[in-house]
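**Q** What follows is a single structure, and I will ask about it in a moment.
Values in this text are rule-based calculations from the coordinates and carry no lab data. Here the structure is a predicted model, which is why all the values come from computation and not from measurement. Glycine also receives a Cβ, built like all others from the backbone with ideal geometry; neighbour counts cover every protein chain displayed.
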Amino acid sequence: MKIVTGFKQAKLALSRQIPKEISGGDAREQVVRQIVSDVRNRGDAALFDYTRKFDRVKLSSLEVTEKQLKSAYLQVEAKLVSALRLAAERISSFHQKQKEAIWQGFKQDSSQLMRPLERVGVYAPGGTASYPSTVLMTAVPAKVVGVKEVILATPPQADGTVPPPTLIAAGMAGVDRIFSVGGAQAIAALAFGTESIPKVDKICGPGNIFVVLAKKLVYGAVDIDGLYGPSEVLIIADETANPAYCAADLLAQAEHDPLASAILITTSKRLAGAVEQEIEKQLKGLARQAIAAESLQKRGVIAVVADINEASELANLYAPEHLCLMVKEADAYVERITNAGCIVIGESATVVLSDYIFGPSHVLPTGATARFGSPLNVLDFVKLTSLVNVDKATLKKLAKAAAIIARAEGFEAHARALEKRLKAG
């Protein structure tokens, strides 16, 4: 990992640049644009072709059957089923509480209606791996808020099936239909619809760069939750932090992807050295050792700064997806962190708990979008409709001023529409 000392050097080391593939001009965007256009024009036929080309799977059907859903339970250990059920319950409970708090607030003011979206598309990465947690973290909040239909798209395995843990999670989350299609072609299908896959109102969930670019291209035809990049963790630690815990959490993030970012900002030079040693020790024997090592070498940073104030300022400038407070009296520092997708407080907590089971969705803003973005939550699955219900007293009070503004903007008909009502009243 890169080690820097002092605020200025740390700020330089943590400076961000917008990835070229997201900002535009990347050759992959042209490939995605062609895929999206092809799916829009040819529908299911294009999906079958791209699945055969990219996943090397020849499908006879895109949709997962009820029989496949039921048989999934026979292929998964009971302890995993139990763990997924606990996660589903906690995620549901968290978002139910959020829903109740928001709905209660809206009952006090009838100026807006809040309604769930009709149909939502959820994308879960797959193929060579299974991510049932992503299904729970996206589909459960949608169902809690009352979305009528949730459609899951996920890449098939080599045998053409969807991994059983993913199917089990989809059942627990209340997903209505499941399609074994992935990549940019899945996003296009959800956005525009095909013979088999219905068009949705919003697409949620993370994916690789082709999925991200496809979401960017279809935005406007449908809503999207965000453009998610590689995973990130930033740990703020003082001399009281456990170096083994710090190293473990950095590695947990680094093993996601060679492009993942694992950052430690500490006020203790001794801790910085101890964490570096722990990382070397804990790397050994990891199944994804090569991935984690590459991530730490290319994007890992340990910064030693003067105090927690400097550490907090750097964290807010970086605006990480996950921020861990491993400092004495960690609760006292939460208010200082204004830009973070998720704040993990104290040594007993870890990002891994929030990733899988704690309750809030693990779909979080990345790439410094925590400056303005939020975790996926029930508000992502509702729309607001404003209500304008005017009696004669209110009309008399407001219409004249509205007419003056309308004429100032050159809209005579606007003004007359108001004045006719005033004369009639």
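**Q** Over region 1-98, what lengths in whole Å, largest first, do the semi-axes of the equivalent ellipsoid take, defined as the square roots of 5 times the eigenvalues of the alpha-carbon gyration tensor?
**A** In descending order the semi-axes read 38, 31, 15 Å.
**Q** Net charge near Glu66: determine it from the other residues with C-beta under 13 Å of the C-beta of Glu66, scoring Lys and Arg +1 and Asp and Glu -1.
**A** +1
**Q** Could you give the distance between the Cα centres of region 172-220 and region 45-94, to the whole Å?
**A** 15 Å
**Q** Something else about it: Could you give the radius of gyration (one decimal) and Dmax (whole number) of the Cα atoms in region 22-224, in Å?
**A** 17.4, 55
**Q** Under 11 Å from the Cβ of Asp223, count the other residues' Cβ atoms, weight Lys and Arg +1, Asp and Glu -1, and hand me the total.
**A** So the surrounding residues net to 0.
**Q** Check which residues have an amide H placed less than 5 Å from Val162's amide H, if you skip close sequence neighbours.
**A** Gln157
**Q** Quick one: Val36, Val390, fewest Cβ neighbours within 10 Å first, how do they rank?
**A** Val390, Val36
**Q** Within a 10 angstrom radius of the beta carbon, how do Thr134, Thr267, Thr5, Thr338 rank from fewest other beta carbons to most?
**A** So the ranking, lowest neighbour count to highest, is Thr338, Thr5, Thr267, Thr134.
**Q** Determine the calculated [θ] at 222 nm for the chain from helices alone, applying -39500 (n - 2.57) to every DSSP H run no shorter than 4 residues and normalising by the residue count; nearest 500 deg cm²/dmol.
**A** Taking each H run of at least 4 residues, the total per residue is -14500 deg cm²/dmol.
**Q** Let me ask another. At a Cα cut-off below 23 Å, give the lysines reachable from Lys396, other chains included and same-chain residues fewer than 8 away excluded.
**A** Lys420, Lys423
**Q** Give the percent of DSSP beta bridges with both residues in region 22-224 that are antiparallel, rounded to the nearest 5.
**A** 5 percent
**Q** Relative contact order for the chain: what is it in percent, counting Cα pairs under 8 Å that are at least 6 residues apart?
**A** Rounded, it is 19 percent for the chain.
**Q** So how much slack lies between Leu286 and Ser196, counting 0.36 nm per residue of separation and subtracting their Cα-Cα distance, in nm?
**A** Result for the pair: 28.3 nm of gain on full extension.
**Q** For region 381-425, state the average projected area of the convex hull of the C-alpha atoms over all orientations, rounded to one decimal in nm².
**A** 4.2 nm²
**Q** May I pose another question? Starting from the 7 Å offset along Cα-to-Cβ, what nm value, one decimal, do you get for the label separation of Tyr73 and Thr5?
**A** 6.1 nm
**Q** Would you pull out the residues with amide H under 5 Å of Ile302's amide H, same chain only if 5 or more places away, H placed 1.01 Å from N?
**A** Lys2, Ile3, Val4, Leu264
**Q** Take the alpha-carbon positions of region 187-277, form their convex hull, and give its projected area averaged over all directions (one quarter of the hull surface) in nm².
**A** Average of the hull's projected areas for region 187-277 equals 7.6 nm².
**Q** Tell me, Arg416, Arg119 in order of fewest to most beta-carbon neighbours within 10 Å?
**A** Arg416, Arg119
**Q** Can you list residues whose amide H is under 5 Å from Lys383's amide H, if they're 5+ apart or on another chain and H is modeled 1.01 Å from N?
**A** When sequence neighbours closer than 5 places are left aside, the close amide H contacts are Arg115, Leu117.
**Q** Extending each Cα 7 Å along its Cβ direction at Ala424 and Ala101, get the distance between those two points in nm, one decimal.
**A** So the label points at Ala424 and Ala101 sit 4.5 nm apart.
**Q** In vacuo Debye scattering of the chain, one point per C-alpha: log10 I(q)/I(0) at q = 0.11, 0.13 Å⁻¹?
**A** -0.91, -1.15
**Q** Please work out, to two decimal places, the log10 of the ratio I(q)/I(0) at q = 0.14, 0.27 Å⁻¹ from a Debye calculation in which every Cα of region 165-235 carries one identical scatterer.
**A** -0.48, -1.27
**Q** Continuing with the same structure: About the Cα centre of the chain, what is the dipole size in debye to 20, counting +1 per Lys and Arg Cβ and -1 per Asp and Glu Cβ, all else neutral?
**A** 1500 debye
**Q** Also, quick follow-up: Could you check what % of the DSSP bridge pairs in the chain are antiparallel, to the nearest 5?
**A** Just about 15 percent of them are antiparallel.
**Q** While we're on this one: If you take every residue apart from Asp238 with its C-beta less than 13 Å away from the C-beta of Asp238, what net charge results, scoring Lys and Arg +1 and Asp and Glu -1?
**A** That works out to -2.
**Q** What's the FRET efficiency of Asp49 with Ala13 using the Cβ-Cβ distance as r and R₀ = 56 Å, to the nearest 0.05?
**A** Calculated transfer efficiency: 0.80.
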